[in-house]
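Nothing in this text is a laboratory measurement; each read-out follows from the coordinates by a stated rule. Nothing here was measured: the structure is a model prediction, and the numbers come from that model. When we count neighbours, we look across all protein chains shown, and the Cβ atoms used for this are built from the backbone with ideal geometry, even at glycine.
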Amino acid sequence: MIASIRKKKSKSAFDYMVYLLMLIIMLLSIAPMLHTLSVSLSAQAKAEAGLVSIFPRDITFQSYVSIFKDAAFFKAAWVSVERVVYTTAGSFLVTLLLAFPLSRDTRQFPLRNPFMWLLIFCMLFSGGLVPFYMIVNDLGLFDKMAALVLPGIVNVYNTILVINFFRSIPKELEESAGIDGANPWQMLFRIFLPLSMPVLATVSLFTIVGTWNEYLNGLLFIRDPGMMPLQTYLQSIFIQIDPSRMTSQEIIEASLVSNKTLNSAKIILSLVPIIAIYPFLQRYFIHGIMMGSVKE
């Protein structure tokens, strides 16, 4: 019997093949990031000649110095932080308030199906960029935080995940709360909200990553440099430089970097906040995405 137990616990050849496959996938996933980091830390000539692979050549921090030197970088970073906080908080609240009634059956919410089809239609079809631009213009949202926040408040995909999670919660809990006299608001905030933290943390992570990486709305609706989010600022930081207005020292510093090293540094800097946040939400991720993707 002991021998059979040991046999069951021993690793098979298939297990080692799976481990090897996962190791290869991990290395393939990390290699582009390491290459980008190495390019950002390499000298201009080495990077432009394509001599940089996984390890940097002639290490220099000039690309990062060029980005950090301007105080506008920190202003743009703060605008992005504000944008992420406002969008995540607003999306969290709206998703919660949308998902709860849409997770009820038609006896409790007779208009559930029309509202659900409306959301799905809006997810699949949009009016396009021109009507979107015209609406923002007519509302007078140019150069305002609302132009960066409001477009990301409602996410139908995240709402569907939360709806399916709510439907997986046992009906007995809701019935018991109803017997005790709880109204729908009390059920939502005292029962559904505490039980739904895994899926809510997951959709919040989606919102944070998507909002942080989004730059198009900044290009379209922000004209004031002081209101420009970080991704938009990084996209245009060197394009806006006028060589005729640069000092000799600035020209020398600019010659030490190239578009390749500078763009690599931009990518690395944009990854730092997400890498810092992800470990705190990672433990909810798998459980939340699995529970929210299965319809009971």
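Filtering region 64-74 for residues that are of a type in the set (A, V, I, L, M), in contact (Cβ under 8 Å) with a residue 12 or more places away in the chain, within 20 Å of LEU271 (Cα to Cα) and surrounded by 16 or more Cβ atoms within 10 Å (Cβ to Cβ) leaves a non-empty set. The criterion of at least 2 residues that are closer than 30 Å to SER204 by Cα and in contact with a helix residue (DSSP H, G or I) (Cβ under 7 Å, 6 or more places away or on another chain) is met by the following helices (runs of 4 or more DSSP H) wholly inside region 3-97: 13-40, 62-68. If you go through region 199-220 and keep only what is surrounded by fewer than 21 Cβ atoms within 10 Å (Cβ to Cβ) and in contact (Cβ under 8 Å) with a residue 40 or more places away in the chain, you end up with ALA201, PHE206, ILE208, VAL209, GLY210, ASN213, GLU214, LEU220. Inside region 111-133, can you point out the residues that are surrounded by fewer than 12 Cβ atoms within 10 Å (Cβ to Cβ) and more than 19 Å from PRO101 (Cα to Cα)? LEU124, PHE125, SER126, GLY127, GLY128, LEU129, VAL130, PRO131 - these are the residues of region 111-133 that are surrounded by fewer than 12 Cβ atoms within 10 Å (Cβ to Cβ) and more than 19 Å from PRO101 (Cα to Cα).
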